[in-house]
Amino acid sequence: MAEFSLSLDDLCYHQVTFGMDVYPPVVYSEERTRLNIFYERAGEEWGHLFDRLTAGDEVFRIAKAFRKRAAVEGPAITLETFVLTQRGPVFVFPFILPDPVGATGLEETHRDDFTQVRRAFESALPGRFFMRVGLIRELVFSTGQARCSDLVTDVVSFGNAQFSRGEVKLTFKDEQHNHTIAVSPVTLNRTTHLPVGTRVEERAGYGVRVILDVNNRDVRKPLSESDIDGVLDRAASLWPKSLLDFLMELPRSH
């Protein structure tokens, strides 16, 4: 058992990603017009997620600059919120971003947003089927000045070398879903922007990075709406209690 506990109050980063495999694959150079139509609609209807496009024959990405609510001026964090990969579309929803941005306020609407944006993508590029959907929850918990390497291993040295970094990744399966949990210790930094334009980074403490990935096992047939909802329901049911309980009972000897 770890000597510290993890709770929602310790969260300093929280991002949810929806990834989908489509068939047939999207050929960027052949679908530029349709993809641009999708971008125009996405920017008009979901401006809180999409506001700048990077596109070419081999790339299609949409980003959003997030600023601290209380500040009109100041540094922003630009995050890619939609990326078209060779496998299919990836939708990124930030809940909590690092200082100085803070919470984005998307938690109550992200699943609804995902469904609507996904349907807009389907409408713009018809004739394709979704074969796999995955919900990936990425979290960073602050542990203050307490190192959390024991969440990965209780072996602190090898020969004359001391443990520096590592990751434990565990995969579980049931009849319908794959579940993967990855845990790694991290060092947290604080960034200070000086008036002269210089940026200074300093260590602010330690933390633990956790990634929970849930997706469907069967990829032999196109997914129905109920299939997609089933994966999302399963992933949502594991957060936060089941995942937090699991982390605190995680065996250390790997």
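Restricting the stretch 161-179 to residues that are at pLDDT below 90 and outside any strand (DSSP E or B) leaves a set whose member that is farthest from GLY134 (Cα to Cα) is PHE163. Scanning the stretch 5-35 for residues that are in a loop (DSSP other than H, G, I, E, B), in contact with a helix residue (DSSP H, G or I) (Cβ under 7 Å, 6 or more places away or on another chain) and surrounded by 14 or more Cβ atoms within 10 Å (Cβ to Cβ) yields one hit, LEU6. Filtering the stretch 136-152 to residues that are more than 14 Å from the chain's Cα centre (by Cα) and of a type in the set (Val, Ile, Thr) leaves THR143, VAL152.
Close Cβ contacts (under 7 Å, 6 or more residues apart or on different chains) running from residues in the stretch 41-60 that are at negative phi and of a type in the set (Phe, Trp, Tyr) to residues that are modelled with pLDDT of 90 or more and assigned to a strand (DSSP E or B) comprise PHE50/ILE62; PHE50/LYS64; PHE50/THR81; PHE50/PHE82; PHE60/LEU84. Each residue in the stretch 49-74 was checked for being out of contact with any helix residue (DSSP H, G or I) (no Cβ under 9 Å at 6 or more places or on another chain), surrounded by 15 or more Cβ atoms within 10 Å (Cβ to Cβ), modelled with pLDDT under 95 and not basic (Lys, Arg), and 1 of them qualify.
Test PHE172 against the stated conditions and say whether it is of a type in the set (Phe, Trp, Tyr) and either surrounded by 15 or more Cβ atoms within 10 Å (Cβ to Cβ) or closer than 30 Å to GLU31 by Cα (or both).
No, not satisfied.
Quick check: anything in the stretch 36-48 surrounded by 14 or more Cβ atoms within 10 Å (Cβ to Cβ), under 14 Å from the mean Cα position of the chain (by Cα) and either at pLDDT 90 or above or of a type in the set (A, V, I, L, M) (or both)? Checked the stretch 36-48: no residue is surrounded by 14 or more Cβ atoms within 10 Å (Cβ to Cβ), under 14 Å from the mean Cα position of the chain (by Cα) and either at pLDDT 90 or above or of a type in the set (A, V, I, L, M) (or both).
For the stretch 180-212, which positions are in a strand (DSSP E or B) and modelled with pLDDT under 85? Reasoning before the result, please.
Going through the stretch 180-212, the residues in a strand (DSSP E or B) turn out to be 180-193, 199-212.
Passing the criteria: ASN189, ARG190, THR191, THR192, HIS193, ARG199, VAL200, GLU201, GLU202, ARG203, ALA204.
For the residues VAL140, VAL92, VAL152, the requirement of being in contact (Cβ under 8 Å) with a residue 60 or more places away in the chain, touching a strand residue (DSSP E or B) at 6+ places or on another chain (Cβ under 7 Å) and within 27 Å of THR33 (Cα to Cα) singles out VAL92.
Let's see how each residue does on (1) over 21 Å from ARG52 (Cα atoms); (2) in a helix (DSSP H, G or I); (3) assigned by TED's automatic domain parsing to the domain that holds ALA65; (4) in contact with a Lys or Arg (Cβ under 6 Å, 6 or more places away or on another chain):
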position	(1), (2), (3), (4)
THR81	no, no, yes, yes
PHE114	no, yes, yes, no
ARG118	no, yes, yes, no
ARG137	yes, no, no, no
PHE141	yes, no, no, no
ALA146	yes, no, no, no
ASP150	yes, yes, no, yes
VAL155	yes, no, no, no
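The values are calculated or read from the model by the stated rules, or taken from the named source; none is laboratory data. Since this is a predicted model, take the numbers as computed values, not measurements. Cβ coordinates were reconstructed from backbone atoms using ideal geometry, including for glycine residues, and neighbour counts include every protein chain displayed.
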